[in-house]
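A short worksheet on the structure shown next.
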Amino acid sequence: MASKGTRKRPDKTNGGSGDRPSGKKKRSKLRSCCFWVCAPAAVLLAALGVGMYLDYRRWERREVGMMSLSPDTVLANETSYPVDEEIDPAGEMIVLKTHFEPFVLASMAKLVLDPVGFFTTRDLDSLRSWREPVRELSSFGASHFAPFLPPPAGYSVLGAAYEIIPVNLKLATGLLSSDRYFPPKVSNKEVILHRLLGLFHPRPFVCIRFAPQGAVATVRAENERWVDVVFRIHAEFQLNESPQYPFWFMPAQFTGNIVLTRDASRVRHFHLYVPTNRPINAVLEWLDTPGNESHEVDAGYIPRMELTSVAPSSPVLIHQEDGSYMDQRQAQLTEEPKMFLEEDYADIQWNSEISMEEAMRSLELKMYPFKTVPYYNFTEAFSRAESENKLVHSILLWGALDDQSC
């Protein structure tokens with residue numbers, strides 16, 4: 001849940017830096033005439049060396065009046081990396097489709113309160129330009145989804161929540177910096193979540209800055225072969241790149257379910273989405289116009305952020321009658337399934353199951369223990385208070401306490 005904060009801003013009276021010499025003529029001609037080019041950070045770092053590279057980046061930020069970061073932060077935040085996993089040719093693969101509808105700017109409170117002045121800055125450029133996902137169709141190996149599976153004891157107790165990504169209590173106290181552009185390197189179970197969320201935007205953070213962090217799941221249904229896992233993920237995205245100020249986009253939550261075999265050799269179904277049943281389902285946080293040191297926070301509505309499987313997983317290598325085979329990894333991705341296995345036509349018969357509502361309720365309690373106390377909507381609260389002869393404690397919120405939209 002976002003909150004107000006402070007951040008030092010460049011000194012406008014001195015070209016954006018309080019310690020810069022006042023004489024502009026002292027600036028190196030080499031830097032002013034040779035390095036005002038678009039080049040990846042890695043190229044500049046290799047060409048200039050660490051010392052001159054850091055000097056150049058500090059100078060660049062001062063000249064354009066953008067964020068001035070410490071040398072350590074510059075190096076840490078100007079390095080990106082690819083996140084990918086190889087698909088086992090002996091296994092199966094599944095194709096996911098990304099559904100995305102842009103954030104509704106008119107849902108923001110600041111537009112209602114200040115329809116003219118608010119949009120005179122470049123604060124929302126990255127949000128307004130986010131019109132489509134990174135990729136519409138993507139392929140994954142079925143085994144890549146193994147992190148969603150429960151621990152051995154989790155199969156026998158339906159609705160028992162377990163962690164996919166554990167919460168780091170020290171980080172959950174709010175020590176994670178907002179002055180970041182690129183996610184930290186992911187490993188283990190974080191990799192699949194980073195890849196999935198990266199289909200919406202190239203800079204997902206699977207470990208958010210505010211509690212409750214992490215990703216949790218529970219078993220909704222099971223039999224000897226299949227398991228239906230319901231999950232909930234709290235994540236956020238960094239929409240800006242240096243030298244613009246960081247702009248954070250935090251959906252209320254990602255939820256959904258996956259039906260896969262107990263050994264993750266097959267995936268029957270996958271669905272991930274941001275719920276849209278509430279008028280506010282995303283929080284925005286950024287630094288506003290120069291001279292104001294506090295974070296700006298607003299909330300609003302995004303109509304659709306969703307991933308769906310186009311068909312059940314199928315073998316990577318599809319063998320033909322003539323002895324040849326087709327490698328799906330090299331074929332063009334389409335929404336048309338390459339093949340169906342016989343078991344895909346039959347409904348799964350579960351040995352035990354609970355409702356989707358029960359499963360989601362379990363994840364709610366795992367993320368928000370205060371939900372053990374029942375909360376009622378406005379009209380229901382008064383009818384229950386009358387029947388139980390109790391007083392009503394009314395809470396008015398901008399957003400919701402049981403997701404990240406407040």
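Restricting region 366-383 to residues that are open to solvent by less than 60 Å² (accessible area, probe 1.4 Å) and closer than 22 Å to P150 by Cβ, the residue that is farthest from the chain's Cα centre (by Cα) is K371. Just give me the residues in region 64-104 being over 29 Å from D298 (Cα atoms), more than 22 Å from the chain's Cα centre (by Cα) and modelled with pLDDT under 90, in sequence order. Answer for region 64-104, where residues must be over 29 Å from D298 (Cα atoms), more than 22 Å from the chain's Cα centre (by Cα) and modelled with pLDDT under 90: P71, D72, L75.
Scanning region 197-208 for residues being farther than 20 Å from S178 by Cβ and more than 9 Å from the chain's Cα centre (by Cα) gives a total of 1.
Please work out if F270 is open to solvent by less than 40 Å² (accessible area, probe 1.4 Å) and of a type outside the set (A, V, I, L, M). Against the criterion (open to solvent by less than 40 Å² (accessible area, probe 1.4 Å) and of a type outside the set (A, V, I, L, M)), F270 qualifies. For region 235-257, the tally of residues that are charged (D, E, K, R) and either farther than 23 Å from F100 by Cβ or buried (at least 21 other Cβ atoms within 10 Å of the Cβ) (or both) stands at 1.
R232: buried (at least 22 other Cβ atoms within 10 Å of the Cβ) and within 24 Å of P279 (Cβ to Cβ), yes or no?
yes
Looking across region 126-170 at every residue that is hydroxyl-bearing (S, T, Y) and in contact (Cβ under 8 Å) with a residue 40 or more places away in the chain, the one that is nearest to A217 (Cα to Cα) is identified as Y162. Of the candidates E335, E386, E321, E343, the single residue that is open to solvent by 40 Å² or more (accessible area, probe 1.4 Å), more than 30 Å from P166 (Cα to Cα) and touching a Lys or Arg at 6+ places or on another chain (Cβ under 8 Å) is E335. Looking at S383, S394, S387, S362, just one residue is among the hydroxyl-bearing types (S, T, Y) and in contact (Cβ under 8 Å) with a residue 60 or more places away in the chain, and that residue is S362. State which residue is modelled with the lowest pLDDT when the search covers only region 105-136 and only residues that are of a type in the set (D, E) and surrounded by 14 or more Cβ atoms within 10 Å (Cβ to Cβ). This residue is D123.
Condition check ((1) modelled with pLDDT of 85 or more; (2) under 32 Å from the mean Cα position of the chain (by Cα)) across all residues:
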{"residue": "Q320", "(1), (2)": "no, no"}
{"residue": "Q330", "(1), (2)": "yes, yes"}
{"residue": "E335", "(1), (2)": "yes, yes"}
{"residue": "K338", "(1), (2)": "no, yes"}
{"residue": "E343", "(1), (2)": "no, no"}
{"residue": "N351", "(1), (2)": "yes, no"}
{"residue": "E358", "(1), (2)": "yes, yes"}
{"residue": "S362", "(1), (2)": "yes, yes"}
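For region 147-161, name all the residues that are within 21 Å of E364 (Cβ to Cβ) and either surrounded by fewer than 15 Cβ atoms within 10 Å (Cβ to Cβ) or among the charged types (D, E, K, R) (or both). Across region 147-161, the qualifying residues are P151, V157.
Can you confirm whether region 256-268 contains a residue that is on the phi > 0 side of the Ramachandran plot, in contact (Cβ under 8 Å) with a residue 12 or more places away in the chain and outside any loop (DSSP other than H, G, I, E, B)?
yes
The set of residues from region 220-246 being over 16 Å from the mean Cα position of the chain (by Cα), of a type outside the set (A, V, I, L, M, F, W, C) and part of a strand (DSSP E or B) comprises R220, E222, D228.
The values are calculated or read from the model by the stated rules, or taken from the named source; none is laboratory data. Keep in mind that what you see is a predicted model, and the values were worked out from it rather than measured. FYI the Cβ positions are ideal-geometry reconstructions off the backbone, even for glycines, and counts take in every protein chain you see. Calculation scope for accessible area: heavy atoms of the full protein, side chains included, ligands and nucleic acids excluded. Shrake-Rupley method; radii C 1.70, N 1.55, O 1.52, S 1.80 Å.
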